[in-house]
Ligand code: 6PG
């Protein structure tokens with residue numbers, strides 16, 4: 001179902017992956033400062049995989065490190081694998097090593113998905129409860145993240161929302177436990193599109209020539225049914241941050 005968006009997608013092309021990381025880090029700071037000024041805090045959902053690592057590392061380095069309002073930043077995860085926080089496949093582990101352990105964000109403001117818990121449905125429900133407790137809002141009201149970072153798989157998945165997954169049809173629950181049979185760790189947990197599309201900003205990070213075809217399939221085809229194309233924030237901004245290789249099949253001017 002194509003959801004109408006208030007704003008057209010913004011496509012920003014960086015020269016290379018290093019400039020992409022710099023641009024993304026600065027965009028996160030801009031979003032954070034605006035959110036703290038407007039609402040007193042900044043709520044961000046981090047993406048997993050490998051692409052965002054350079055952005056997280058950049059954000060943990062001076063001078064950008066000092067520009068972030070860490071005391072007012074609340075960190076969540078867009079998805080997680082069914083492993084513990086020390087496991088090499090853990091998205092939390094990657095973000096913690098690249099960013100969280102290196103910046104003064106209060107530990108009480110970092111919320112990982114406890115993927116190692118025995119009962120996946122309970123783990124998903126527990127995370128949804130955490131979102132509800134932290135975001136407040138009326139019963140059943142979806143959390144509105146200030147910024148949700150997303151990656152893009154070559155099959156068009158994003159977070160752990162894979163093609164053909166029943167979770168793509170979720171219209172109510174904010175967090176789903178999914179089984180991704182083709183993934184290295186099939187047990188996954190993911191924010192669902194109701195939450196993604198309620199965000200103030202959804203920002204995709206994609207780099208590398210291997211993503212060019214899927215970027216074109218998602219951004220170049222208005223009726224694309226790929227999961228990543230379903231990220232269409234109703235009353236928020238949709239930003240695609242690409243490096244030149246990932247954008248090579250799009251007809252867009254390089255802009256960074
Ligand atoms: C995950 C991510 C996933 C990732 C894409 C792209 O848990 O793996 O959430 O959606 O963003 O698979 O991964 P790369 O950045 O490694 O290409």
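Read the figures in this text as sums done on the coordinates, not as results from a lab. This is a predicted model, so every value here is computed, not measured. Here Cβ is always computed from backbone atoms with ideal geometry, including for glycine, and neighbour counts include all displayed protein chains.
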Computed label-point distance, nm, for sites residue 101 and residue 10 using a 7 Å Cα→Cβ extension:
3.3 nm
If r is the Cβ-Cβ distance from residue 86 to residue 133 and R0 is 41 Å, what FRET efficiency results, to the nearest 0.05?
0.95
Taking every pair of alpha-carbon atoms in the chain, give the share separated by more than 21 Å as a whole percent.
55 percent
Over what distance in Å are the Cα centres of the stretch 1-64 and the stretch 80-101 separated?
19 Å
For the ranges 31-42, 143-154, what's the packing order if you count other beta-carbon atoms within 10 Å of each residue, average per peptide, and put the highest first?
143-154, 31-42
Evaluate Rg over Rh across the stretch 1-150, taking Cα atoms for both radii and Kirkwood's formula for Rh.
0.96
Pull out the extension gain between residue 119 and residue 154, defined as 0.36 nm times the separation in residues minus the alpha carbon to alpha carbon distance; nm, one decimal.
9.7 nm
Counting helices only, and only those DSSP H runs with n ≥ 4, report the 222 nm mean residue ellipticity of the chain as the sum of -39,500 (n - 2.57) divided by its residues, in deg cm²/dmol to the nearest 500.
-8000 deg cm²/dmol
Is the stretch 12-81 best put as rounded, prolate or oblate by its Cα gyration tensor, with a ≥ b ≥ c the root eigenvalues, rounded for a/c under 1.5, and otherwise prolate when a/b is larger than b/c, oblate when not?
oblate
Estimated distance in nm for a label pair at residue 185 and residue 225, the labels positioned 7 Å out from Cα along Cα-to-Cβ:
3.1 nm
